[in-house]
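Structure first, then comments.
Please treat every number below as a calculation from the coordinates, not as lab data. The model shown is predicted, which means the values in this text are computed figures rather than measured ones. Cβ sites come from the backbone with ideal geometry, for glycine too, and all protein chains shown count toward neighbours.
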Amino acid sequence: MPASEPGRVEKTARPDRHKTKWTTQTSTGLMPGTRHLAVYNAPIPDMLIAPSGFTRAACALLALLCLPMLWGADWKAPQEQLAGKIGAVMGPGAIALEVRNRSSLSSADVDRIREGLAAQLAFLGMRLVNPDQANATVLVSLSEDFQNYVWLAEVHQGTSEPAIVMIRAPRPDTPPSSQDVSPMTIRKTLLWSQDTRILDVAVLSGSPQQMIVLDQDNISLYRSENDRWQMEQSVSLAHRHPWPRDLRGRVVPGKDHLFDAYLPGVFCRGVSPPLTVSCYDSDDPWPLGSDQYSIHAFFAPSRNFFTGALAPGIGKQTTAPAFYSAAALPREKYTLWVFAAVDGQVHMLDGINDQTAGKLGWGSDIAAVHSNCGSGWQVLATGISDGAADAVRAFEITDREPASVARSLDFNGNITALWPETDGSNAVAVSRASETGKYAAYRLAIHCGQ
């Protein structure tokens, strides 16, 4: 038997995809006592007038010192630290400041941080102006890892390479409330079953509705008739090289043709009517995610995972650790990508940071789905239930900490594939029954409530 892939936990029924048994995951006003005290000598008028050298920047700094008392969150130390590093890079001058939030901070906190940072920069001699009047541009990205807020500033001056400075600020030790996440249910609907291994299924919109079934030997087109799928045509897959042992594939609807199909070292395009499929050798990257939130990744043709090379990438990150599957979770101003990596860990990339969540008990297949529950987006992850069969569970990722939000959905065998549908609202799971050996493709959706 060939050696197993790195980071996998061997399982007799499926030695080539790592699986882990499920484990439960848990994820003011003015200062008191202030009053006017009685005095016996008359006030000196000049004491009420600011000295002539008292600048606007100093006033802004005084206002900054009051921010924690007024708002309850003390950002003074990290603001001073980051402003000092920016000042050390460029010195006094006219700058344009932009702050982007890639963290779980609220909009109100981001506004406070922006205003306080602006005041600190002004105190150090940097005037905030419009971009067309600036000598330099400072782009600040607010991100985070599991222990700290991570603030990164890019200082652009002229045509030279940008200078990058970074600080870390401890995050408050407040675990997310369980009340924030509504109970949810994962529901599955049978799409198709057959004896031959199913790689992926795509349901096409239209009337009548059509379905593409990609298996290890054929690409087949079905149409809906009286609530049943009737085959229209099936075409054999043409490939010059033997398939790898753990064969994977994906089929996605085309925008100006019927579909595209991706297999190890092979790309196929289908048009209709009649169904015509053209396949050729290709190392083009595979699409991941949904139509709205998508990247492409290069698949290792002789293995069963993605190399980690991304196209075009996630922000400034053009590579990820080698992985089996990925899920996209949109945030207010960026998209968080979650990777089930070959090393058995879960990696989260936000365009700047690669954060590792450790071993969460997830299997090698994950997919993101859009729902009307909770935050609106959940991650479906495979694993092993209390029995020997596989299961799917749903997770919300709040403050970069995954929390289970639904009871596991058990299958009667191994899950061999899990892909999101292109509209993002559902996922397709393929399983192989332990008793009969038949393959079945199911549509998975998240429903609110139990």
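For the reader, a short list of remarks on this structure follows.
- Partners of K188 within straight-line reach, counting aspartates and glutamates whose Cα lies under 12 Å from its Cα and excluding those fewer than 8 residues away in the same chain: D410.
- Cα shape, region 298-450, gyration tensor, a/c 1.5 rule: oblate
- Label sites at R223 and S425, each approximated as a point 7 angstrom past Cα along Cα to Cβ, lie 2.4 nm apart.
- A Förster radius of 56 Å combined with the Cβ-Cβ distance from T276 to C448 puts the calculated FRET efficiency at roughly 0.85.
- Stretched out straight at 0.36 nm per residue, the stretch from S234 to S205 would grow longer than its current Cα-Cα span by 8.5 nm.
- Candidate aspartates and glutamates for bridging to K85, where Cα separation is under 12 Å - those fewer than 8 sequence places away on the same chain excluded: E154
- Ascending count of other beta-carbon atoms within 10 Å, so fewest first, for T159, T307, T319: T159, T319, T307
- Amide H contacts of W192 (H built 1.01 Å from N, in plane; Pro and chain starts excluded): A441 sit under 5 Å, all sequence-distant by 5 or more or on other chains.
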